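Values quoted throughout were computed directly from the atomic coordinates according to the rules given, and no laboratory measurement underlies them. None of the values given here were measured: they were computed from a predicted structure. Note: ideal-geometry Cβ built from the backbone for every residue, glycine included; neighbour counts use all protein chains shown.
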Amino acid sequence: MKKDSLADAVLDEKPEMTAEPDFAKGLAFLKSKIKTLPHQPGVYRMFDAADNCLYVGKARHLARRVTSYTQPNRLSNRLMQMVALTRKLEIAVTNSEVEALLLESNLIKQYRPRFNILLKDDKSFAYILITGDHDYPQMTKHRGAQKRKGQYFGPFASAGAVNRTLSSLSRAFLLRNCSDSYYDARSRPCLQYQIKRCTAPCVGMVSVADYDQQVAAAQKFLSGQSAAIQREYAKAMQEASDELDFETAAIWRNRIRALTAIQANQDINTDGLGDADIIALHRSGGQSCVQIFFIRSDTNFGNAAYFPKHETEAETADVLAAFIGQFYDERIPPAKILVSAQPAQTALLADALSRIAERKIEISTPQRGTRRQLMANAMKNAEEALARHQADSASQIRLLGQLAETFSLEAPPERIEIYDNSHIQGAHAIGAMVVAGREGFIKSAYRKFNMKSEGKYAASDGDDFAMMRQMIFRRFERALKEDPDRQLTSWPDLLLIDGGRGQLNAVHEVMDELGLDDIAIVAISKGPNRNAGKEQFHIRGQDSFTLPMDSPAMHFLQRLRDESHRFAIGTHRAKRTKQALSSPLDNVPGIGARRKKALLTHFGSARAVSRAGVRDLAAVEGISEAIARRIYDWFHQAGA
């Protein structure tokens, strides 16, 4: 769907803050906007007074759909609460209902509205890529957007499965796995050639034509024609054996074994299915698990479990429709999608996915035969995954209850924020916030803070107290601006601070200034000799104390603290590495990667570039006299 085909409109009133949801006010607002709504397909977005997105929905007829929210006798309690909070309405008119569905899925992932069914999707699946932009294609693992030219095979549910498959493919087809820059720099064969996993095209050990045959065989195998490839290899092995060339026969034997190792990973019969995703939904106790199996070219590429967030009364058809729409928002669907139950508006969903894939997509529920057996297997996996998930959640809830008892909280905390910082003698200072709740760590809510040496609560010279003050101030000053009435769920019940009394007092100083004195704050520090298991806990107005080493609450708090350490240190290292690898040329206006490479190749170093004259700079390929003057002025006038 092209974005320029959408006509956007915004219907709102001046934001007005309210402490409690007011259904009459929300209802009056929606009624006031109905007359101006278009009688066309599109997407509508509802916002509260703090400009937080409440809901994203699609409609064949926008005016009629929004009108349905003004009929209280037809609304559930959940929808009545949503209407009560609504103070702003945005619409996007589309050319068709299919476009509306595509845009809806995109906006749900962007806004994460509290009243939508949400897919907590933080997984980026790996693919095998055989590149198509080089005379000697590379075979490698790929994640993310499929922008590079070439053929992609996958997705693989497990990174380990990709690595094992690539290892076997390298032994079978001898394709290079090195990057183009490494390839260009070779003057002799590398270890991959020595262990017979590459034919060393980098130094001309194989012709383009012969290498193309290797590539074609790998593509053929990954496209499902494995039997044909194995027959070819078996024939070659037999011919070498007949000619008493046993060394060559052994090579072909090893390549056949490599192919067999890949195929041996199959544990379900997928004959005749081709490319398909098997999606099974199991519900229990108000929660759902969606299990998805990836079948490509009759090969099982693994499975993954998802636990979409939805209201207890949500219909199964709606949950499946929301999952499919959001899951394939940034993924190309296979030709066949098998589902355990029909999603809402199946035909519309199939049309939308067909537009994404640019080919016909079939959504169906298996009724008999092999497909029915595959679905039964997926359903069993979904049921078991949900049982494990609920057991983990129950354990997490018990631990939260123990924290409430330990720290005398009124109720088990729904959201815990853990704060830590990391630096080396004040350099590359980073503050880190980790979040945990009923379902464990909420990684999408993690935040990092690059410490500022200016402004209020400036932090410099490695002052841990100042860093903690700044981090807490920036976190909660922004929260108060965005949600002054604290109606959202992003407010913590407990702050866990890595440090002792000094850090605790620094945090209280800031929270008192902001008027936030109702959030529990606990500092955790290492005990005598910094021994793990003897941590001290500090609460304002109380004596410091510890917990038994075998206490589940102690282990839970250690796990929370350790996760904040991991995130803070990892973020600090990433920042330090980025700055260490930076070049003075990175900041010169108009100098991109290509010109930077040309300058470094010509002069040998950034220092040599900074000392070069305009004429010398202009002699570099791709550097005009105007750009040469700009580079010269940058180094000699900006003092870089």
Residue span LYS120 to ALA159: 0.36 nm per residue of separation minus Cα-Cα distance leaves a gain in nm of 12.1 nm
Can you compute the charge dipole magnitude of the chain about its Cα centre, using +1 on each Lys and Arg Cβ and -1 on each Asp and Glu Cβ, nothing else charged? Give it in debye, rounded to the nearest 20. 1220
Working only with C-alpha atoms, what are the Rg and Dmax values of the range 473-550, expressed in angstrom? 14.5, 44
List, in order, the whole-Hz ³J(HN,Hα) value for each residue of the range 470-484 obtained from phi through the Karplus relation with A = 6.51, B = -1.76, C = 1.60 and θ = phi - 60°; use x for Gly and Pro. 5, 4, 5, 4, 5, 5, 8, 5, 5, 4, 5, 5, 7, 8, x
Could you estimate the translational diffusion coefficient of the range 381-457 from the Stokes-Einstein equation, with Rh from the Kirkwood formula over C-alpha pairs, at 4 °C and 1.567 mPa s, in whole µm²/s? 86
Determine the dipole magnitude for the range 276-387: charges of +1 sit on the beta-carbon of Lys and Arg, -1 on that of Asp and Glu, nothing else is charged, the reference point is the Cα centre, and the result goes in debye to the nearest 20. 440
Suppose a student asked you for the relative contact order of the chain, using Cα pairs under 8 Å spaced at least 6 residues apart; what percent would you report? 8
As I understand it, the dipole of the range 415-575 uses +1 on the Cβ of Lys and Arg and -1 on the Cβ of Asp and Glu, about the Cα centre. Which of HIS572, GLY515, ALA459 lies farthest toward its positive end? HIS572
Going by average Cβ neighbours within 10 Å, how do the peptides 58-71, 107-120 rank, with the highest at the top? 107-120, 58-71
Diffusion coefficient in µm²/s returned for the chain by Stokes-Einstein, Kirkwood Rh over C-alpha pairs, 25 °C and 0.890 mPa s, is 83
Over the C-alpha atoms of the range 584-637, what are the Rg and the largest Cα-to-Cα span, Dmax, in Å? 9.4, 24
Farthest positive-ward along the chain dipole, Cα basis, beta-carbon charges - from LEU174, GLY224, ALA50: LEU174
Which shape class, rounded, prolate or oblate, goes with the range 415-575 when its Cα gyration tensor gives a ≥ b ≥ c as root eigenvalues, a/c under 1.5 marks rounded, and past that a/b bigger than b/c marks prolate? rounded
Provide the gained length on full extension for the span GLU239 to PHE465, in nm with one decimal, where the gain is 0.36 nm per separating residue minus the Cα-Cα distance. 73.8 nm
Relative frequency of Cα-Cα separations exceeding 25 Å in the range 168-282, percent: 34
Over the range 213-256, equivalent-ellipsoid semi-axes from the Cα gyration tensor in Å: 22, 9, 7
Rg(Cα) of the range 111-174 divided by 2.2 N^0.38 Å? 1.46
If R₀ is 25 angstrom, what is the calculated FRET efficiency for the pair ARG148 and ALA228, using the beta carbon separation as r and rounding to 0.05? 0.35
Label-point separation (nm) for SER32 and ARG559, each offset 7 Å from Cα along Cα-to-Cβ? 5.0
Using the 10 angstrom Cβ neighbour count as an exposure proxy, how do MET451, MET46 rank, fewest first? MET451, MET46
One finds, for SER490 and HIS636 with R0 = 45 angstrom and r their Cβ-Cβ distance, a FRET efficiency to the nearest 0.05 of 0.40
Based on the mean of other beta carbon atoms within 10 Å per residue, what is the order of 431-438, 512-519, 89-96, most packed first? 431-438, 89-96, 512-519
Inter-label distance, nm, simple model (7 Å from Cα along the C-beta direction), ILE569/GLN194: 3.4
What does the extension gain come out to for LYS597 and ASP184, with contour length at 0.36 nm per residue minus their alpha carbon separation? 147.3 nm
Along the dipole axis of the chain (charges at Cβ: +1 for Lys and Arg, -1 for Asp and Glu; origin at the Cα centre), the most positive-end residue among SER297, ILE117, HIS61 is SER297
For the range 332-456, what does the relative contact order come out to in percent, with C-alpha contacts under 8 Å and a separation of six or more? 15
Sorted from fewest to most neighbouring beta carbons within 10 Å, what does the list CYS53, CYS289 look like? CYS53, CYS289
The simple spin-label model distance between ALA376 and ILE397, using points 7 Å out along Cα→Cβ, in nm, is 3.3
Specify whether the C-alpha gyration tensor of the range 139-178 places it in the rounded, prolate or oblate class, a ≥ b ≥ c being the square roots of the eigenvalues: rounded for a/c under 1.5, otherwise prolate if a/b is larger than b/c and oblate if not. oblate
Provide, as a two-decimal number, the C-alpha radius of gyration of the range 275-359 over 2.2 N^0.38 Å, N being how many residues it has. 1.07
Roughly how big is the range 415-575's charge dipole about its Cα centre, with Cβ charges of +1 (Lys, Arg) and -1 (Asp, Glu), in debye to the nearest 20? 600
